[in-house]
Amino acid sequence: MGLLDRIASKPPPSAPPESIDVNERHELEIAWPGGPRVVVPPMQLRDACPCAGCIEEGTGRKILDAATIPADIRPLAVDQVGNYAVQIRWSDGHSTGIYTWQTLREVCGLA
């Protein structure tokens, strides 16, 4: 298989995952097309929230202090937003973050 074959067989960065599931440890298990199934701890995902309450819009500076996230944080609901993202409702009451497929890839270390 040559370089062009490998490039052509990779899904675009904006491709949706094949599945997103919450396991018994409240971690998100994300299966990417043509790639790995990645397990993301809830604390890591909550800390990566891209909403305006967690990230300053004008500068991109992180506002959220990770020390304020409860140690027992867990997703209560994961809802698809259009064809480009999911919105997660968290046990700490936070629910404004929209995680695009690209954001999820970055959190998974795939971007």
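The values are calculated or read from the model by the stated rules, or taken from the named source; none is laboratory data. Computed from a prediction, not measured in an experiment: that's the story for all the values here. As a convention, Cβ positions derive from the backbone with ideal geometry for all residues, glycine included, and neighbour counts pool all protein chains shown.
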Out of the stretch 50-73, which residues are under 18 Å from G97 (Cα atoms) and touching a Ser or Thr at 6+ places or on another chain (Cβ under 8 Å)? P50, C51, A52, G53, P70, I73
Cβ pairs under 6 Å, 6+ apart, first in the stretch 18-45 and free of Cβ contacts under 8 Å to residues at least 40 places away in the same chain and closer than 18 Å to Q102 by Cβ, second polar (S, T, N, Q) and outside any loop (DSSP other than H, G, I, E, B): A31/S19
So E29, is it at pLDDT 95 or above, surrounded by 14 or more Cβ atoms within 10 Å (Cβ to Cβ) and among the charged types (D, E, K, R): yes
Inside the stretch 46-63, can you point out the residues that are touching a residue at least 12 places away in the same chain (Cβ under 8 Å) and farther than 16 Å from V107 by Cα? A52, G53
Looking at the stretch 72-93, I want the residues that are in contact (Cβ under 8 Å) with a residue 12 or more places away in the chain and have a partner that is loosely packed, with under 14 Cβ neighbours inside 10 Å and of a type outside the set (D, E) with Cβ atoms under 6 Å, at least 6 apart or on another chain. Which pairs are those? V86/Q80; Q87/V81; R89/L76; R89/A77; S91/L76; D92/P70
Where residues in the stretch 60-111 are farther than 20 Å from N23 by Cβ and of a type in the set (A, V, I, L, M), which of them is surrounded by the most Cβ atoms within 10 Å (Cβ to Cβ)? A85
Being at pLDDT 95 or above, in contact with a helix residue (DSSP H, G or I) (Cβ under 7 Å, 6 or more places away or on another chain), assigned to a strand (DSSP E or B) and of a type in the set (A, V, I, L, M): is that true of I20 here? no
